[in-house]
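Asker: Input: one structure, supplied below.
The values are calculated or read from the model by the stated rules, or taken from the named source; none is laboratory data. What you see is a predicted model; the values in this text were computed from it and never measured. With ideal geometry, Cβ positions are generated from the backbone for all residues, glycine too; neighbour counts draw on all protein chains shown. These accessible areas exclude ligands, DNA and RNA; they are computed on the full protein's heavy atoms, side chains included. Shrake-Rupley method; radii C 1.70, N 1.55, O 1.52, S 1.80 Å.
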Amino acid sequence: MESDNKDPVKVEPTNKEDTGGENAKSKQDDSNKPAPDKSTVLAVLQLLRKYNLKGTEETLRKEINLPDIGISEPESEVSSVLSAYKSEGDPNIYEESYSDLKKFIEGALDIYKHELGMILYPVFVHMYLELVYNNHESQAIRFMEKYGRDQEDYYQDDVKRLSHVTKKDHMKGNELTDTFKSNEFIIRMSRDTLTILKRHLQDKKQSILLNIIQEHLYFDMYEGVARNKQQIKATAGSMVGEATRQDNKAKVFYGMMKEPDIQYVPLEEEDDAAEGGGEPGADKPKKKKAKKDPMFSKKPKSDPNAPPVDRMPLPILKDADKLEKIKAMREATKRVTLGPECLPSICCYTLLNANHTVTCAEISEDSSILAVGFSDSIIKVWSLMPQKLRAMKSAEQLQDIDQEAEDVLARIMDDRNAETSRVLLGHSGSIFNVAFSPDRTLLISCSEDATIRLWSLMTWTCLVAYKGHIFPVWDVKFAPHGYYFASASCDRTARLWATDQHQPLRIFTGHFSDVDCVQFHPNSNYVATGSSDRTVRLWDCVTGSHVRLMTGHKGPIYSLTFSVDGRFLASGGADSRILLWDLAHGHLVAELAGHSSTIHTMAFSRDGNILSSGSLDCSVKLWDFTKVTEEMNLEDVNVSHNPDIKKDSDYLLRSYATKNSPLLCLHFSRRNVLLAVSMYDSSV
């Protein structure tokens, strides 16, 4: 399917006497405008005379060079004009007009029927809201009862919310009605389908329908064959329609930046030092593994899709960070490469006696610490290693420590007060999410109290409370490079923060409902958000603008995760499906269906071969991501040509059930062991 580069179009009436709507004629000089209809002018003059507005009447006559002929015209002509105006607001016409539209679409050719059917839902909504706005309550209720059930399943929640709006006063401050009132519903439609729709509207001359389509619908026209039912359904479901081609045209640097060279040279030295006391033969296979591991061979190559190194200021690696990276690389040499023939071992931590009190869980990058948030505003942190959680020594003891010592970081910690778990207190509402910094010295948490708190895991105290959101904060994530973190809130915004600044660096606005989840791209240059408006957006941290808008989910989105190479994004939520997106052009490339309840957590294996998902249906599922990408024909894909969406059930490798324990968190260790956190619920 090829697409032209013409601007999206609006349906315009062809009647030259119509000066309303957003017509191009309005931009021309006043002298080129057609003269107003004589009978219309007479009707207006009669109203002005009726209310004794002589000054306005005289001004109008002068403007249109009309002599005093108002009385000479027969009353019948004026009355007919007024009755025509009245009929436009006649509440009974809405039902008849919508019924005619349905019949026209049902009678259309099959090739065009499904694209034409996309206008039914937005037209239904705006007709209903017009009836409510004009105080036709009984007709609005009847209209809702008659046609509300005919709308698609994925719109039924919104239809139900709309059905409670029965009076004009109800519309004030209502999130849903405000969204429809102030935003155009976007529909992608082929040129042929749009031509058929225009012809129908011009033949019928239904002013109510025409006005709604002109004012509230936006047609993103493309050249080519009309889409079929499956293609339309795949990207339908968003609160305000589909994404336009313009939404996904910006370039996205989805590649991974070259890692600092410090990781490679010390690696062998560390191996020699660590293994020197062991068997001499033990060194050789480890070095061979390091050379053969694809992760090592790829990193020195520069990725053409990677952002420039200086595009976004990233923190400089400290010596401790370099040592941690060396340790991570050494761990990676012992990593198992996963695939259909080699599935991961799974270790599940189940929280008992915590039904309806546990709200979230997170495991640190090195799999050594587990943090759990509770509905009573408490955060509890456990060590998953034999080493206990130590705290820093007191100020008096720290004065005696040599600051130049190589092991100063170990010396400042006090082994005597080490504990297996610790409690963090400070929030005044339920904890909705927690996240560890990459170096595990900090923890951030977000809460119902609309604040984000930064905690030190060395002193086990709160360092900062970030206040900016005005409603509960649903999610928070640290950037893979540290320093930055992002938050998602009920106030319909996501925000980018830095640990050393009280105010947000960027505020990402554009969603039409709660922003439920947020995730950093692996290169830290972008943030993805999932919302209750059923869209996924990708935001540029540098410019603050959205660079991708992806529609296709049929319910709120609660989980996001990026592929290891940064090109793909997986999203899951209340519709129990995982959708895979290609960030190069913002296309939906695969749909993974198998869960029977809301998906709250997903994770890619460290080698990127397997995608794991956890749901409230008490199961963990493993998907063959390598097979999905191999079967995509990405070379032929461009911004205007949607690829075929993969839905093969063979992508599911294995499903593991827990014992009445909904999944809260999934995490792959550096050696590709899958760690899961669940909460036992006897009522499930």
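Asker: Hey, if we sort I141, I610 by accessible area with the 1.4 Å probe, largest down, what's the order?
Answerer: I141, I610
Asker: On to the next question. In nm, give the distance between the simple-model label positions of C347 and I412, each being 7 Å from the Cα along the Cα-to-Cβ direction.
Answerer: 2.9 nm
Asker: If I ignore ligands, DNA and RNA and count only protein heavy atoms, how much of K322 is accessible to a 1.4 Å probe, in Å² to the nearest 10?
Answerer: 60 Å²
Asker: At what distance in angstrom do the alpha carbon centres of region 384-425 and region 507-553 lie from each other?
Answerer: That distance is 39 Å.
Asker: Moving on. Between H502 and S428, what is the FRET efficiency for a Förster distance of 25 Å, r being their Cβ-Cβ separation, to the nearest 0.05?
Answerer: 0.85
Asker: Just read off the accessible area of K325 with the full protein assembly in place, 1.4 Å probe, to the nearest 10 Å².
Answerer: Only protein atoms counted, so the area is about 60 Å².
Asker: Mind checking the full-extension length gain between S394 and N305? Use 0.36 nm per residue of separation minus the Cα-Cα distance, one decimal, nm.
Answerer: Net length gain for the segment: 27.2 nm.
Asker: Further, regarding this structure: From the protein chains alone at 1.4 Å, what is the descending order of accessible area for T359, T337, largest first?
Answerer: Ranked from most to least accessible, the order is T337, T359.
Asker: If you don't mind, another one. For F432, what residues show an amide H to amide H distance below 5 Å, using hydrogens built from the backbone and excluding near sequence neighbours?
Answerer: Under 5 Å from the amide H of F432: C446, S447, E448.
Asker: Same structure again: Using 24 Å as the Cα-Cα cut-off, could you pick out the over-long pairs in K334/K393; K102/K204; K380/K477; K168/K198?
Answerer: In this structure, K334/K393; K168/K198 exceed 24 Å between Cα atoms.
Asker: Suppose each label sits 7 Å from its Cα in the direction of the beta carbon; what would the K334-E259 distance come out to in nanometres?
Answerer: Going from the K334 label point to the E259 one covers 1.7 nm.
Asker: Evaluate the charge dipole of region 124-179 about its Cα centre and quote only its size in Debye, nearest 20, assuming +1 on the Cβ of each Lys and Arg and -1 on the Cβ of each Asp and Glu.
Answerer: 260 debye
Asker: Quick one: how many Å² of S669 are accessible to a 1.4 Å probe, rounded to 10?
Answerer: 20 Å²
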